[in-house]
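S.K.: The following block contains the structure, expressed as structure tokens.
Laboratory data are not the source of any read-out in this text; all were calculated from the coordinates shown. Keep in mind that what you see is a predicted model, and the values were worked out from it rather than measured. Note that we place each Cβ from the backbone using ideal geometry, even for glycine, and neighbour counts take in every protein chain shown.
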Amino acid sequence: MKKTLFTAIILSAFSLCSFSLLNAQFDLSGVIWDQDEIICKEQESAIAHFQTPSYRNQFASLTDIHYQTMSWEIDPAVKYIKGVITYYFRSRSNNLTQLVLDLSNSLVINSVERKGVPLSYAHSADQLLTIDLDKTLNEDDFDTLTVSYEGTPPSNGFGSFETGTHAGAPILWTLSEPYGNRDWWPGKQDLIDKIDSMDIYITTPLDQLAASNGKLISINEVGGKLVHHWRHRHPICAYLVALAVTNYAAFDQYVPLPNGDSIHVLNYVYPETLAQSQQAISSTIDIMNFYNEKFIIYPWADEKYGHAQFGWGGGQEHQTMAFMGGFSFSLISHEMAHQWFGDKVTCGSWHDIWLNEGFATYLAGLCLEEFSQNQYWPQWKTSTSNSAMSAPGGSVYVDDTTSVNRIFSGRLSYNKGAYVLHMLRWVMGDNDFFQAVRNYLNGAGDFGTTPEFESYLENESGLDLHEFLADWYYGQGFPSYHLQWSQQADSLIITLGQTQSDPSVSFFEMPVPILVRLNGVDNIFVLNHTTNNQRFSIFRGSASVDSIGIDPELWLLSKNNTIEQVITAVDDADKSDRFDVFPNPAHDFVQIISTKSVFSVEVIDVAGRKFKAPLANNRVDLTEFNPGIYTLLLLDGNQKILTTKRIILS
Ligand SMILES: [Zn+2]
């Protein structure tokens with residue numbers, strides 16, 4: 001059973017008076033500008049790594065990587081990597097004779113072997129390392145092998161493996177999304193298979209710290225160098241594996257959990273900015289508390305969260321440790337949000353990138369709602385919706401996944417994606433929306449797709465959201481609302497029309513909130529808009545309408561709306577005109593007695609649905625109507641309203 005979306009009900013007396021700033025401990029200045037910058041940087045990074053469609057490893061789905069040990073030697077002063085990786089994997093097909101990994105041709109293979117026995121391989125110009133298993137695996141057979149390699153990773157724009165300096169000290173970092181891991185380690189870079197578990201060993205000069213994924217197990221001095229051992233026991237995408245090495249200063253934070261435990265937050269920052277970074281990063285605890293409560297507990301609570309400062313101006317949501325150039329509230333909240341949306345549940349294809357970026361953008365907005373309800377939250381809604389509607393077309397659904405500009409479109413994947421989530425929350429209500437998102441996080445597994453997400457939303461709410469997603473996710477554009485209103489007898493009559501910015505959507509069915517100021521008091525009414533020029537009747541009694549506004553709290557994407565008061569026939573009518581209907585309450589019919597001719601009658605129910613009722617000899621046939629309260633609109637020959645009458649049908 002599906003519920004209908006909404007009925008025309010008074011939600012609450014609504015006041016525009018201001019609230020005090022809920023929480024002023026964070027520096028929120030610049031948060032709106034920051035969002036644009038975050039998007040810009042993520043897009044730049046993705047563009048740099050995204051090359052021709054030949055990136056596709058056609059063989060990725062044939063194997064399932066269970067576990068990897070990854071050992072790297074890094075000196076941050078030198079752009080060079082030396083690595084040894086051991087893979088434990090399962091065949092997902094019969095007659096498997098090869099393991100195919102992505103690896104840049106700038107890197108050189110030293111050896112490929114299984115337990116000391118060399119295996120033959122081919123490292124082709126299309127950046128694939130094809131290893132001959134020297135045996136045939138059937139489905140579910142396990143195998144293991146080790147690859148040793150070294151070299152200078154290629155440079156391409158905001159490279160996946162880069163060096164720089166800060167205050168004269170060398171730093172080296174990686175940044176692989178979406179297809180950069182092959183530039184510095186052989187692996188499968190796809191949205192099919194996560195590495196289920198891994199141990200990372202990074203050997204560095206003595207005075208260095210190495211940031212990476214998972215829990216820091218140990219730092220040991222071996223042969224005049226430091227070996228940093230990180231362990232991660234959760235599934236991880238190849239593009240989220242990362243390291244950064246420099247003379248970091250480290251500091252800890254702890255996020256308390258309801259069960260008395262706490263989540264360790266480990267921060268690696270430049271020593272010269274330690275005090276400043278400690279101040280900027282202090283918001284981490286409140287943001288994570290908020291996400292833990294609103295969604296589900298941080299997915300890697302048994303290991304850590306953290307930040308590592310690096311030499312690129314943006315941020316990257318490396319699993320368990322976000323890398324950032326500097327620390328702003330927006331960037332911290334955006335990258336942390338990705339730990340749930342992007343890292344725990346990763347978009348299952350680039351069509352579905354909004355499940356990463358739309359969510360991260362929306363969660364950063366939700367932080368403003370939580371921590372700065374009156375000031376920055378309205379600004380966020382204005383700037384995000386303005387961006388989404390800055391061109392008439394474009395879908396959140398990525399129609400062309402060969403274009404990185406399209407995938408990482410700030411306007412569509414980030415801002416419109418975030419606003420579509422905001423509208424889903426409006427349509428579903430807070431309880432159902434957030435519960436459905438929690439169910440999705442708990443149930444979706446490693447990868448999520450939009451149809452799966454839809455099923456979680458529908459199961460929780462009981463709503464059929466097919467049409468909503470057809471309009472707002474697959475369809476393009478947004479509506480402009482055209483509202484006409486008049487006061488008739490004891491009713492406010494609203495006619496709500498709609499035009500669309502793009503022909504791909506014929507009509508946006510939406511519950512539309514309307515602000516009506518009656519005798520100086522603001523009220524929100526929700527009009528369930530299902531057809532063009534739909535007429536609604538709102539009981540106002542003897543109160544008069546001061547003003548009307550559409551969507552005052554910015555729940556919807558809509559632009560260029562118009563509002564017009566209509567002077568109707570009844571306003572012009574000679575006050576001696578009389579219109580009576582009886583009986584009231586009625587049963588099967590009402591009779592009209594009037595001094596002017598009534599040509600037709602429309603009946604509006606409390607949900608705003610409009611019906612024609614048969615009219616003959618001034619008698620309105622109501623036998624087809626259920627008991628309830630209705631508004632009758634008495635119309636003249638030009639379909640203008642002569643008057644309205646409220647009746648009870650028993
Ligand atoms: Zn992002």
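S.K.: Under 8 Å for C-alpha pairs, at least 6 residues apart: give me the relative contact order for region 79-157, rounded to a whole percent.
M.R.: It rounds to 50 percent for region 79-157.
S.K.: So what's the Cα pair-distance distribution over region 408-461, bin width 10 Å, in %?
M.R.: Final binned percentages: 24, 50, 25, 0.
S.K.: Could you derive backbone 3J(HN,Hα) for region 253-265 from the dihedral phi with the Karplus parameters 6.51, -1.76 and 1.60 (θ = phi - 60°), listing whole Hz in sequence and x where the residue is Gly or Pro?
M.R.: 9, 9, 9, x, 10, x, 7, x, 6, 9, 9, 7, 10
S.K.: I would also like to ask the following. Given all pairs of different Cα atoms, what value in angstroms does the Kirkwood hydrodynamic radius of region 479-567 take?
M.R.: When all Cα pairs of region 479-567 are included, the Kirkwood radius is 13.4 Å.
S.K.: Follow-up. Which ³J(HN,Hα) values in Hz, rounded to whole numbers, follow from the phi angles of region 320-335 under the Karplus curve 6.51 cos²θ - 1.76 cosθ + 1.60, where θ = phi - 60° and Gly and Pro get x?
M.R.: Calculated HN-Hα couplings, in order: 6, 7, 6, 9, 9, x, x, 10, 10, 4, 5, 5, 4, 6, 5, 5 Hz.
S.K.: Sequence-distant or interchain residues sharing an amide H contact under 5 Å with Leu119, placed H: which?
M.R.: Val112, Glu113, Arg114
S.K.: Further, regarding this structure: For helix 31-49, report the angle its Cα long axis makes with the longest principal axis of the Cα atoms of the chain; keep it between 0 and 90° and round to the nearest 10°.
M.R.: 50 degrees
S.K.: What would the Debye formula give as log10 I(q)/I(0) at q = 0.05 Å⁻¹ for the alpha-carbon point model of the chain, no solvent?
M.R.: Debye curve over Cα of the chain, log10 I(q)/I(0) at q = 0.05 Å⁻¹: -0.31.
S.K.: Given 20 °C and 1.002 mPa s, compute D for region 46-205 with the Stokes-Einstein relation, Rh being the Kirkwood radius over Cα pairs; round to the nearest whole µm²/s. Intermediate values should be presented prior to the final figure.
M.R.: Values: Rh = 16.3 Å.
Estimated diffusion coefficient is 132 µm²/s.
S.K.: Could you tell me the relative contact order of the chain? Use alpha-carbon pairs under 8 Å, at least six residues apart, and round to a whole percent. Write out the running numbers ahead of the final one.
M.R.: On the way: 1510 pairs, mean separation 77.9, N = 650.
Averaging sequence separation for qualifying contacts and normalising by length gives 12 percent for the chain.
S.K.: Which semi-axis lengths, in whole Å and largest first, follow from the square roots of five times the eigenvalues of the Cα gyration tensor of region 528-650?
M.R.: Equivalent ellipsoid of region 528-650: 27, 18, 13 Å, largest first.
S.K.: Ranked by Cβ crowding within 10 angstrom, fewest neighbours first, how are Met324, Met423 ordered?
M.R.: Ranking Met324, Met423 by Cβ neighbours within 10 Å, fewest first, gives Met423, Met324.
S.K.: Another one. Calculate the spin-label point distance for Gln639 paired with Asp430, positioning each point 7 Å from the Cα along the beta-carbon direction, and give it in nanometres.
M.R.: 4.1 nm
S.K.: Read phi for every residue in region 461-471 and hand back ³J(HN,Hα) as whole Hz from Karplus 6.51 cos²θ - 1.76 cosθ + 1.60, θ = phi - 60°, with x for Gly and Pro.
M.R.: 8, x, 8, 8, 9, 4, 5, 4, 6, 4, 7
S.K.: By a straight-distance test (C-alpha under 28 Å), which lysines pair with Lys610 as possible cross-link partners, with residues fewer than eight away in the same chain excluded?
M.R.: Reachable lysines: Lys2, Lys3, Lys559, Lys575, Lys596, Lys640, Lys645.
S.K.: Give the relative contact order (percent, whole number) for region 59-247; include only Cα pairs under 8 Å separated by 6+ residues.
M.R.: Working: 502 pairs, mean separation 47.8, N = 189.
Reported relative contact order: 25 percent.
S.K.: What is the set of long-range amide H partners of Leu128 at a cut-off below 5 Å, with H atoms built 1.01 Å from backbone N?
M.R.: Leu103
S.K.: Give me, ordered by chain and number, the residues 5 or more places off Phe310 or on other chains with an amide H under 5 Å from its own placed amide H.
M.R.: Met324, Gly325
S.K.: Another question, then. To the nearest 10 degrees, how steeply does helix 283-294 sit against the main Cα axis of the chain, on a 0 to 90 scale?
M.R.: 60 degrees
S.K.: Among the lysines, which have Cα under 29 Å from the Cα of Lys194 when same-chain residues fewer than 8 positions away are ignored?
M.R.: Filter leaves Lys41, Lys79, Lys82, Lys115, Lys135, Lys215, Lys294, Lys304, Lys344, Lys416.
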